[in-house]
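Trainee: Here you go, one structure.
Rule-based calculations on the coordinates, nothing more; no lab input. Please read these numbers as outputs of a predicted model, since none were measured by experiment. All Cβ positions, even for glycine, are placed from backbone atoms using ideal geometry, and neighbour counts span all protein chains on display.
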Amino acid sequence: MSPGLSDVLARLKCKLNQFHFAIQSKPPRRAPQPSPVDQDIDAPKRLSLSILTRRNMLVPISTLPAEILARIFHFNAFSAKPYSPTLRHGWISVTHVCRRWRQVALDDSTLWTHFSAYPQSEEWITERLSRARNAPLHPGYSDLS
């Protein structure tokens, strides 16, 4: 392994250890309860989202099983070009298409295991480690995110 990749791997392992410690040491927080007025405002939003979700289920691609959709995401993710400022989110854009696509991508921990030497924010590295769960990490991947 090249010195640059070993440094990235060492930093990722350090971040993973910090992440595990943070998870174990923080007590769970309770979310503040919305006021009745906020609940009245949110009701039409929830209805609208429900209608959009039902409409999305009628699109032919929505009939694909989650396993096939995840495989398509893999082809997209692992054939990505090296980082480009114009393609800021890369393959992760598929998680913004619809609720189902996001859930399929989040459920597949192996999509989140490839890291690049390109500097990324601490928050993003921590989030990816969380999404990768216990899957083996792969440093040196040319990621667009």
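Trainee: Can you tally the net charge around Leu58? Count Lys and Arg as +1, Asp and Glu as -1, for every other residue whose Cβ sits under 15 Å from the Cβ of Leu58. Walk me through the intermediate numbers first.
Mentor: Numbers: positive: Arg54, Arg55, Arg99, Arg100; negative: none.
For residues surrounding Leu58, the net value is +4.
Trainee: Continuing with the same structure: Whose amide H sits under 5 Å from the amide H of His114, counting only residues 5 or more places off or on another chain, with H placed in the peptide plane?
Mentor: It is His138, by chain and number.
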